[in-house]
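Contents: one structure, followed by commentary.
The values are calculated or read from the model by the stated rules, or taken from the named source; none is laboratory data. Since this is a predicted model, take the numbers as computed values, not measurements. Here the Cβ is made from the backbone with ideal geometry for all residues, glycine too, and neighbour counts use every protein chain on show. For accessibility, only protein heavy atoms count, side chains too; no ligands or nucleic acids. Shrake-Rupley method; radii C 1.70, N 1.55, O 1.52, S 1.80 Å.
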Amino acid sequence: MMLLLRLLICLLATSPLAAQASPMGPDDASHLLNRLGFGARPADLAEFSRLTREAAIERLLADTALEARTPVPPELADYQPPLKIRQLSDEQRRELQRKTGIALRRWWVDTLFAAQSPAEQLRERMTLFWHNHFVSSVQKVKSAKLMLEQNRLLRRHALGRFDELLHAVGKDPAMVVYLDSATSRRGSPNENFAREVMELFTLGEGNYGEQDIKEAARAFTGWSIEPASGEFRWRPFIHDDGEKTVLGVRGRLDGDAVLDILLAQPQTAEHLTRKLWREFVSPTPD
């Protein structure tokens with residue numbers, strides 16, 4: 001991912017044939033910072049206009065805090081287990097979801113505004129990019145706390161390795177709930193996560209078959225959460241440990257093995273590059 005981001009940042013400059021040792025100048029600096037952030041500040045424009053592209057890349061990819069600047073609001077401090085929520089009246093449940101949902105959205109907007117340096121803004125842009133890539137919704141998850149933790153996970157991995165991010169998201173409690181992995185078990189596998197991980201998260205449409213989805217769904221059985229705590233739980237007693245074949249690879253595959261198979265496909269790299277290109281460079285990938 002770091003190499004890909006370096007490539008994209010190089011491509012974003014308006015004069016790609018310019019000497020790499022020369023300062024970018026105000027036009028290229030403005031183009032670069034506005035594409036990768038939320039609007040360049042005058043001081044950052046002045047600083048980056050004096051940098052070479054290589055120096056600008058290093059500055060943008062500098063280490064930044066893995067956690068948001070803004071404190072977590074008290075409404076999101078504690079996880080509310082489903083059993084406790086079911087004991088509330090309909091009106092109380094609606095009010096709880098309204099208050100926590102508003103708190104979550106306000107916290108994220110405040111976090112975006114709090115990103116000051118271009119490097120911080122790039123991490124926030126990538127957090128937003130991954131949220132759109134690994135689509136989920138508080139309306140179905142019904143826990144703003146779990147969605148908060150997913151947001152924090154995306155921010156920690158925003159500029160890191162995609163393989164580590166994919167494995168982490170697959171076991172993220174909000175994603176486990178959103179794509180129904182928690183209800184999937186041996187003999188009755190739910191195909192939602194298997195389908196989405198191939199179509200949206202890795203390969204892209206048309207690069208797998210229905211049988212691949214069915215076999216992968218069997219491999220993901222056993223990925224669940226602990227209702228009382230909202231934490232991920234591996235439940236081997238509901239996992240289908242029989243042989244499976246996914247994209248031509250056969251064996252007693254589990255969920256992690258399937259993700260590794262998907263990561264090894266060239267179509268995954270092309271799919272991600274295409275999405276990054278459309279996000280940061282142009283709507284028509286070269």
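Return the pair list, or none, for Cβ contacts closer than 6 Å from residues in the range 187-205 that are touching a residue at least 12 places away in the same chain (Cβ under 8 Å) to residues that are open to solvent by 70 Å² or more (accessible area, probe 1.4 Å) and of a type outside the set (G, A, S), at least 6 apart or on different chains.
Hits for this filter: N190/T183.
Any residue at all in the range 179-186 that's in contact with a Phe, Trp or Tyr (Cβ under 7 Å, 6 or more places away or on another chain), assigned to a helix (DSSP H, G or I) and closer than 24 Å to T64 by Cβ?
The answer is no; no qualifying residue exists.
For the range 274-286, what are the residues that are open to solvent by 50 Å² or more (accessible area, probe 1.4 Å) and either aliphatic (A, V, I, L, M) or under 17 Å from the mean Cα position of the chain (by Cα) (or both)?
Result: R274, K275, R278, E279.
Which condition does A158 not pass, out of (1) closer than 30 Å to A55 by Cβ; (2) assigned to a helix (DSSP H, G or I); (3) of a type outside the set (S, T, N, Q), if it passes all the others?
Tallying (1) closer than 30 Å to A55 by Cβ; (2) assigned to a helix (DSSP H, G or I); (3) of a type outside the set (S, T, N, Q), A158 fails exactly one: (2).
Pairs under 6 Å by beta carbon, first residue without any contact (Cβ under 8 Å) to a residue 40 or more places away in the chain in the range 265-286, partner of a type in the set (K, R) and open to solvent by less than 60 Å² (accessible area, probe 1.4 Å), six or more apart or different chains?
none
How many of the residues in the range 78-101 are of a type in the set (A, V, I, L, M, F, W, C), free of Cβ contacts under 8 Å to residues at least 24 places away in the same chain and closer than 27 Å to R155 by Cβ?
Qualifying residue count, the range 78-101: 1.
Just checking, how many residues over the range 218-259 are within 17 Å of K171 (Cβ to Cβ) and in contact with a helix residue (DSSP H, G or I) (Cβ under 8 Å, 6 or more places away or on another chain)?
18
Are any residues in the range 226-256 open to solvent by less than 30 Å² (accessible area, probe 1.4 Å) and over 30 Å from P82 (Cα atoms), and if so, which ones?
Those that are open to solvent by less than 30 Å² (accessible area, probe 1.4 Å) and over 30 Å from P82 (Cα atoms): G242, K244, V246, G251, L253.
Within the range 107-140, track down each residue that is outside any helix (DSSP H, G or I) and over 12 Å from G37 (Cβ atoms).
F134, V135, S136, S137
Does H167 meet the test of being closer than 30 Å to Q121 by Cβ and modelled with pLDDT of 95 or more?
Considered against the rule, which asks whether it is closer than 30 Å to Q121 by Cβ and modelled with pLDDT of 95 or more, H167 comes out as yes.
Being open to solvent by 60 Å² or more (accessible area, probe 1.4 Å), among the small types (G, A, S) and modelled with pLDDT under 90 is the filter here, so list the residues in the range 29-74 that pass it.
Result: A65, single match.
Only one of these conditions is not met by F193: (1) part of a helix (DSSP H, G or I); (2) more than 21 Å from the chain's Cα centre (by Cα). Which number is it?
F193 satisfies all of (1) part of a helix (DSSP H, G or I); (2) more than 21 Å from the chain's Cα centre (by Cα) except (2).
Would you pick out the residues in the range 113-139 that are over 22 Å from R59 (Cα atoms) and surrounded by fewer than 16 Cβ atoms within 10 Å (Cβ to Cβ)?
Across the range 113-139, the qualifying residues are N132, V135, S137, Q139.
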